[in-house]
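Worksheet for the structure shown next.
The values are calculated or read from the model by the stated rules, or taken from the named source; none is laboratory data. Only a predicted model underlies this, so the values are computations on that prediction, with no experimental measurement involved. Neighbour counts are summed over all protein chains in view; Cβ atoms, including those assigned to glycine, are modelled from backbone coordinates with ideal geometry.
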Amino acid sequence: MSDLFTQKENIIIKKIDFTDIEYQSNHLNNFSDLILRNEIKYPNIDIWLNNKVIPGIRDSQRAAYVGYINNNPIISAVVKKDQNAKICHLKIGDDLQDYGIGDIFLSLMIFDVIKEAKNVHFTIPEGLWGEKNQFFKSFGFNNISKAETQYRHGEDELMCSSPINEIYSRILSQKLPKLFYHYSLGGFSNDINLILSIHPHYIDKILSGDKTVELRRSFSTKWIGSKAVLYSTSPSREIKGYVTINNIEKDTPEKIWDKYKHRIGTDRNNFEKYCKNKEKIYAIEMDEIKKYVSGIPITQIEGILKKKLTIPQSHMSTTISDDWYKGVSIATLLHSMQSQAGLKYTSLLNQLNSVLSKKDIINID
């Protein structure tokens with residue numbers, strides 16, 4: 001698998017829920033198989049799985065995930081919800097541990113406990129801590145002591161902990177943008193270069209496939225091949241998805257109309273009003289349209305980031321270090337969680353906003 005990550009790969013994350021348990025789904029079976037592979041190091045892990053994890057998922061006291069890379073189940077994770085939340089299990093295939101996938105799953109677990117938790121902790125064998133401490137320290141896990149309960153035979157275990165605010169701040173400011181630059185999640189990549197502001201009427205036409213060419217009075221051909229976020233302007237003010245710009249033509253309004261009149265989603269009268277006093281305009285050809293399951297209000301993204309996003313009049317560039325990129329990273333993660341686990345953007349984001357406002361835990365430089 002040495003060439004596994006030479007190009008962007010698709011990571012599918014399935015949150016194990018009550019339905020999976022009720023109907024003994026393939027996702028549950030794959031998750032259980034991954035857990036049970038650790039029985040040599042953790043005797044009686046099957047008892048823990050059946051008596052603790054499965055009932056905990058059913059009662060919403062625990063959250064569990066199984067991760068697929070190119071449809072192969074490779075990652076399993078479990079977190080226990082509480083004011084002092086516990087990361088119970090995170091197992092990634094040995095040949096995948098250097099690719100940042102652990103960052104994605106640890107971030108997801110933090111999202112799942114953010115409402116209740118004040119602190120997060122886990123136990124880890126002392127030898128493994130020596131190998132992986134930089135990974136955990138990058139999330140803010142700097143409080144280390146010997147664990148009171150020893151789960152593993154033959155080696156001392158340590159307990160590592162951190163305040164939830166420290167972990168969450170690092171996820172937003174450091175982890176998500178870098179991760180989603182390199183990987184796609186649930187079929188959605190995040191190597192975004194551009195934000196396009198478009199009226200809701202025309203956004204809907206783009207997402208339905210009725211409009212495949214967007215017009216601009218000012219633009220640049222340098223954006224050919226770029227991915228562009230679709231921002232729906234007032235009154236909706238939502239991030240709706242993204243497109244790939246596969247071609248850009250600059251020409252007279254008459255020639256642009258003749259070539260693209262059936263693809264621009266408007267009539268001749270509105271077209272001429274838009275092009276008034278312009279000798280040349282830009283026709284932006286779009287494909288690979290990706291639609292979020294539901295639009296994400298920009299006010300809620302701003303609430304999570306604790307920052308106001310600059311709304312472009314027409315368009316603006318974005319880079320991995322800026323706030324728009326962080327916002328789109330959050331949207332990508334939440335879309336994947338919703339599409340795979342049936343979560344609702346509005347309820348989850350409102351939950352996060354409520355917690356963040358109460359705890360004031362976001363502090364991004």
Answer yes if at least one residue in the stretch 86-107 is at pLDDT 85 or above, closer than 22 Å to Asn38 by Cβ, part of a loop (DSSP other than H, G, I, E, B) and of a type in the set (Phe, Trp, Tyr), and no otherwise. no
Can you find a residue in the stretch 252-266 that is surrounded by fewer than 19 Cβ atoms within 10 Å (Cβ to Cβ), in contact (Cβ under 8 Å) with a residue 40 or more places away in the chain and β-branched (Val, Ile, Thr)? yes
Of the residues in the stretch 293-315, those that are more than 17 Å from Tyr202 (Cβ to Cβ) and either outside the structural domain of Ser220 (by TED's automatic domain parsing) or not aliphatic (A, V, I, L, M) (or both) number 10
Among (1) under 25 Å from the mean Cα position of the chain (by Cα); (2) at pLDDT 95 or above, where does Pro55 come up short? (1)
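Can you tell me which residue is farthest from the chain's Cα centre (by Cα) among those in the stretch 267-310 that are hydroxyl-bearing (Ser, Thr, Tyr) and surrounded by fewer than 17 Cβ atoms within 10 Å (Cβ to Cβ)? Write out each step before concluding.
Step one: list which residues in the stretch 267-310 are hydroxyl-bearing (Ser, Thr, Tyr), which gives 274, 282, 292, 294, 299, 310.
Pick out the ones that are also surrounded by fewer than 17 Cβ atoms within 10 Å (Cβ to Cβ) and you get 274, 294, 299, 310.
Working: Tyr274: 36, Ser294: 14, Thr299: 18, Thr310: 21 Å.
Per the stated criteria, the residue is Tyr274.
Got a number for residues in the stretch 49-85 being in a loop (DSSP other than H, G, I, E, B) and buried (at least 18 other Cβ atoms within 10 Å of the Cβ)?
We begin by selecting, within the stretch 49-85, every residue in a loop (DSSP other than H, G, I, E, B); these are 59-61, 70-71, 81-83.
This time we only want the ones that are buried (at least 18 other Cβ atoms within 10 Å of the Cβ), so: 81.
Count: 1.
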Among the residues of the stretch 226-240, what is the count of those that are without any contact (Cβ under 8 Å) to a residue 40 or more places away in the chain, surrounded by fewer than 23 Cβ atoms within 10 Å (Cβ to Cβ) and either among the acidic types (Asp, Glu) or out of contact with any Ser or Thr (no Cβ under 8 Å at 6 or more places or on another chain) (or both)? 2
So how many residues does the stretch 22-48 have that are surrounded by 15 or more Cβ atoms within 10 Å (Cβ to Cβ), in contact (Cβ under 8 Å) with a residue 12 or more places away in the chain, part of a helix (DSSP H, G or I) and not small (Gly, Ala, Ser)? 6
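Just for the stretch 10-21: of the residues that are under 22 Å from the mean Cα position of the chain (by Cα) and not acidic (Asp, Glu), which one is surrounded by the most Cβ atoms within 10 Å (Cβ to Cβ)?
Step one: of the stretch 10-21, the residues under 22 Å from the mean Cα position of the chain (by Cα) are 10-17.
After this cut, where a residue has to be not acidic (Asp, Glu) as well, the list is 10-16.
On the way: Asn10: 15, Ile11: 23, Ile12: 20, Ile13: 22, Lys14: 23, Lys15: 20, Ile16: 25.
The extreme case among them is Ile16.
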Identity of the residue in the stretch 201-256, among the basic types (Lys, Arg) and part of a helix (DSSP H, G or I), that ends up nearest to Thr318 (Cα to Cα): Lys222
Quick test of your reading of the structure: Gln61 fulfils all but one of (1) modelled with pLDDT of 90 or more; (2) touching a helix residue (DSSP H, G or I) at 6+ places or on another chain (Cβ under 7 Å). Name the failing condition by number. (2)
